[in-house]
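Shown next, in structure tokens, is the structure this report addresses.
The values are calculated or read from the model by the stated rules, or taken from the named source; none is laboratory data. These figures come from a predicted structure and were not determined experimentally. All Cβ positions, glycine included, derive from the backbone under ideal geometry; neighbour counts span all protein chains shown. When the accessible area is computed, the model is the full protein with side chains, heavy atoms only, and any ligands, DNA or RNA have been set aside. Shrake-Rupley method; radii C 1.70, N 1.55, O 1.52, S 1.80 Å.
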Amino acid sequence: NNLGLGEKKEEKEFNITAKSSNSSFININPNTKWLRKRSEQHNTSMKGYVVEKKMVQIDTLDHYVSENQIHKIDLLKIDTQGYEDKVLKGSLETIKKNKIGIILTEIMFDDVYDKYFSFNDIEKYLLPFGFRMVGINLVNNNLFSGLLFFADVMYFNKKYFKIK
């Protein structure tokens, strides 16, 4: 499937970076320690870290699930470098219908991208529909040195698994 997920069907500009896992629809903040370090690691300048901008088709998870007649998703992983809220907005019908059991998402707390989240920014889409946070994995963090601070957070849907 050569498409991105978001809050609506559209075509959107995607920033492709020297390290592909940092690519995002959200712009990278210039002149951060993170960008300086990543640029050095990939033998490029800070301005050259975004190597290409490409137009990408976006669909919603709700439309994709309906179109492909998907009845359940045991695990949905969302690691979209600051676009997590848009993916969740486009998934609300699937979430409301209890078709997703577990959501694993990344929450960024640093200013690497133009946008970052609090737990509330993610949980407002999940808690009203039976999801509860069950785990946090702090990845590559060093709060005291000012390096990138983010976490992978797991939410469990008790209704999906029919647990009281």
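Among the residues of the range 115-124, is any open to solvent by 30 Å² or more (accessible area, probe 1.4 Å), without any contact (Cβ under 8 Å) to a residue 12 or more places away in the chain, part of a loop (DSSP other than H, G, I, E, B) and not charged (D, E, K, R)?
So far as the range 115-124 goes, yes, one or more of its residues are open to solvent by 30 Å² or more (accessible area, probe 1.4 Å), without any contact (Cβ under 8 Å) to a residue 12 or more places away in the chain, part of a loop (DSSP other than H, G, I, E, B) and not charged (D, E, K, R).
Quick check: is even one residue across the range 80-100 without any contact (Cβ under 8 Å) to a residue 60 or more places away in the chain and in a strand (DSSP E or B)?
Checked against the condition, which is being without any contact (Cβ under 8 Å) to a residue 60 or more places away in the chain and in a strand (DSSP E or B), the range 80-100 yields no hits at all.
From the list K47, K77, K96, pick out the single residue that is closer than 26 Å to N1 by Cα, open to solvent by 60 Å² or more (accessible area, probe 1.4 Å) and over 18 Å from the mean Cα position of the chain (by Cα).
Every option except K96 fails the conditions.
Only one of E11, E7 is buried (at least 17 other Cβ atoms within 10 Å of the Cβ) and at pLDDT 95 or above. Can you tell me which?
Going through E11, E7 in turn, the sole match is E7.
Given (1) in a strand (DSSP E or B); (2) modelled with pLDDT under 95, where does D74 come up short, assuming only one miss?
Unmet condition: (2).
Being assigned to a loop (DSSP other than H, G, I, E, B) and free of Cβ contacts under 8 Å to residues at least 40 places away in the same chain is the filter; apply it to the range 17-43 and report the residue that is surrounded by the most Cβ atoms within 10 Å (Cβ to Cβ).
The extreme case among them is A18.
Can you name the residue in the range 52-71 that is open to solvent by 80 Å² or more (accessible area, probe 1.4 Å) and in contact with an Asp or Glu (Cβ under 7 Å, 6 or more places away or on another chain) and is also farthest from N27 (Cα to Cα) among such residues?
Going through the qualifying residues, I end up with Q57.
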